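Visitor: Submitted below is the structure of interest, expressed as structure tokens.
Any read-out appearing in this document is the output of simple, stated calculations on the displayed coordinates, not a laboratory observation. What you are looking at is a predicted structure, and each value in this text was computed from that prediction instead of being measured. Backbone-built Cβ (ideal geometry, glycine too); neighbour counts: all protein chains shown.
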Amino acid sequence: MSYILPFRTAKFNPSVPCPGEDVAEWLRGKLAEAGFTSDEQTREEWGWVFGLPHHGKFYFIGIVGQPDEQAEERNQGDWEILIEKHRTAAEKLFGTNKLSEQEPIVLLIERLLVSEGGIRMLVRD
């Protein structure tokens with residue numbers, strides 16, 4: 001199960017063939033400033049992803065976005081940061097170690113988004 005943080009901004013370029021690389025670079029930089037070392041981002045068919053170890057746990061961070069063709073601002077787009085926690089087969093089988101919206105890494109990424117000027121958080125469906 002993934003936790004999704006949707007937001008809207010014109011800070012990044014959603015019009016490239018595989019949008020999200022600039023978002024991944026920005027987020028990895030902000031996480032590094034907070035003392036976290038992440039894997040290099042890699043391109044997937046649907047967006048960008050990188051790994052993030054945090055307090056003995058491992059998370060996959062995915063970024064996907066799309067331009068808002070109706071917006072007046074050139075780079076206006078809707079984005080999602082997906083956070084997924086690595087779980088062992090036994091944890092999945094027994095339903096343990098599930099990702100929580102109150103986990104420190106989720107709260108940190110949300111705080112980084114909220115504190116950045118020009119980013120507006122959206123309500124999840």
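Visitor: Please give the helix 21-33 orientation as an angle from the longest Cα principal axis of the chain, in degrees from 0 to 90, rounded to the nearest 10.
Guide: Orientation of helix 21-33: about 60 degrees from the principal axis.
Visitor: Between ILE61, ILE105, ILE83, find the one with the highest GNM mean-square fluctuation for the chain; connect C-alpha pairs within less than 10 Å.
Guide: ILE105
Visitor: Oh, and also: Mind telling me which of ALA32, ALA90, ALA71 comes out most flexible in a GNM of the chain, alpha-carbon contacts under 10 Å?
Guide: ALA90
Visitor: Ignoring trypsin sites (Lys or Arg not before Pro) that are buried or in helix or strand per DSSP, and keeping those with at most 11 other beta carbon atoms within 10 Å, what is the longest stretch of the chain between them?
Guide: 1-73
Visitor: Do any GluC sites (Glu not before Pro) in region 1-49 lie in a DSSP loop with no more than 10 other beta carbon atoms within 10 Å, and if so, which?
Guide: Hits after loop and neighbour filter: GLU40, GLU45.
Visitor: Across region 2-116, how many lysine pairs, 8 or more positions apart or on different chains, have C-alpha atoms separated by under 27 Å? Please give the number.
Guide: Lysine pairs, 8 or more places apart or on different chains, close enough: 8.
Visitor: Rank the residues MET121, MET1 as a footprinting-exposure proxy: fewest other Cβ atoms within 10 Å of their Cβ go first.
Guide: Details: MET121 13, MET1 9.
Ascending number of Cβ neighbours within 10 Å: MET1, MET121.
Visitor: Does the chain come out rounded, prolate or oblate, given a ≥ b ≥ c as the square roots of the eigenvalues of its C-alpha gyration tensor, rounded meaning a/c under 1.5 and, failing that, prolate meaning a/b above b/c?
Guide: Values: a/c = 1.82, a/b = 1.73, b/c = 1.05.
Prolate.
Visitor: Compute the distance in nm between two label points, each set 7 Å from the Cα along the Cα-to-Cβ direction, one at GLU73 and one at THR42.
Guide: If labels sit at GLU73 and THR42, their model points lie 3.3 nm apart.
Visitor: I want to verify a result. In a Gaussian network model of the chain, Cα cutoff 10 Å, which of these has the top mean-square fluctuation: VAL114, VAL23, VAL106?
Guide: Its mean-square fluctuation being the largest, the pick is VAL114.
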